[in-house]
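The structure appears right after this line, and notes come after that.
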Amino acid sequence: MNDTPGWASPGSAPSDGREPDASGPAEPTDQQAPQPQNPGGKWSKDQPPAAQWSAPTGAPIPGQAPPPPPPGQGWGTPPPGGPGPYGGGWGNAWGGPPPAAKPGVIPLRPLSVGEILDGAVSTMRAHWRTVLGISLAVAVLTEILVVLLQGLVLNDTTRAIDLNDPGASPDDLARAMGSTLIGSGAVSLISLVGTVVATALLTTVTSRAVLGKPVTTGEAWRDARPQLLRLFGLIVLLFLIAVGVILVGALPGIAVAASGVGPAGVALTVLGCLAGGIVAVWLMFRFSLASPTLMLEKQGIKKALGRSVKLVRGSWWRVFGIQLLATIIAGIVASLVVVPFTLIGGLFGGSGFGGLLSETGGLSWTFLIISGIGSVIGSTITFPITAGVTVLLYIDQRIRREALDLELARAAGIQDHATGAGSGG
């Protein structure tokens, strides 16, 4: 037998069972059958009859070029288990790693911006009953409370008159401004609660969609309910941090203005608010992955904030850009829905659209209901986008830093998952 290492050509010699290598070097003369009639190594004139013997497969034929080497011979020979006919796992010889497994809405590898946005939309499309059911229910309940609050409590035209009256006393202005701030705060609080509930439920749905597993509204509620209070506390804490940072930036200007230097104090206050706002934005995006961390890892508030800082570290601009893009898209979609309903409500709401711009116009129930319908439709569409992007961005950062794709593949029942760590953007 031939002990030469490397790939052997198919076929065998007629006498000793040897597998000749058609593309290799000529055989040594001491291994060939003696041919005294032709010492130069050519074929003898006296050949056996054609019916008794035929040349082995791959043997050279006089006057013809040797056949090409078999695939994979020479340089670039694939290892066992490599591409082509020699094993599985690699799709072609130089095609790079195999495509990542995709049990659900995203491939299990680092994601590009487009894949994160597409994953959020795909979640809404694949599980539309659950996603739209959650978003619609939360949006309807939230908007009913807002409309009732605005129509029964906050619809006071005297506040607008006091704020626009040059002759109003400081006490009247203070009461009007305080009432306005309280009303805006109440509406914001109701909207915040709705956003917290929608985010919590949709986080569970998106995490299941990544694994290709269905989830019902009841299952999402049971999974998210234990963390709802912590999530609400987290969002309130983030709001207080942002407001506190801006106030700290404004304090020097307020102190200067209080000392009697009015114009300089106002200018310094504006600059301080801008600087504090920049710091607040930087902090908010460092903490932006705390919400999915708290929901999916069942962490407390403090640990969720720390985990978010760790995941965002070194990728702040990427996290900022993706979430800003998702917010802009959601805002455009919501505006396309809400603005027409607001205009229609202004036209048919009692005193017409012009009444909304007047001092004593007030807000009619017709306007509040029609504009509320637009807000419900807009929130139903945008809740899944913003929540889905945040969850998928969290998963993407963990894949990049902690190889979460391997754990997700095991959870999805995928064997021999190989990550494409170089892909994604």
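A compact table of results
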| read-out | value |
| --- | --- |
| Residue pairs meeting the criteria (Cβ under 6 Å; at least 6 apart or on separate chains; first touching a residue at least 60 places away in the same chain (Cβ under 8 Å), in segment 301-315; second part of a helix (DSSP H, G or I) and of a type outside the set (D, E, K, R)) | I301/G233; I301/L234; A304/A290; A304/T293; A304/L294; L305/A290; L311/Q397; V312/V319 |
| Test: residue in segment 169-178 that is at pLDDT below 90, surrounded by fewer than 17 Cβ atoms within 10 Å (Cβ to Cβ) and within 27 Å of S288 (Cα to Cα) | no |
| Residue selected from segment 302-351 under the condition within 24 Å of L404 (Cβ to Cβ) and among the small types (G, A, S), by the criterion farthest from the chain's Cα centre (by Cα) | G306 |
| Residue list for segment 123-157, restricted to those being of a type in the set (S, T, N, Q), surrounded by fewer than 18 Cβ atoms within 10 Å (Cβ to Cβ) and assigned to a helix (DSSP H, G or I) | T157 |
| Any hit, segment 268-279, residues being in a helix (DSSP H, G or I), free of Cβ contacts under 8 Å to residues at least 12 places away in the same chain and either exposed (fewer than 15 other Cβ atoms within 10 Å of the Cβ) or touching a Ser or Thr at 6+ places or on another chain (Cβ under 9 Å) (or both) | yes |
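The values are calculated or read from the model by the stated rules, or taken from the named source; none is laboratory data. All figures in this text were calculated on a predicted structure; none of them were measured in a lab. Because the Cβ atoms are built from the backbone with ideal geometry, glycine has one as well, and the counts that use them run over all protein chains shown.
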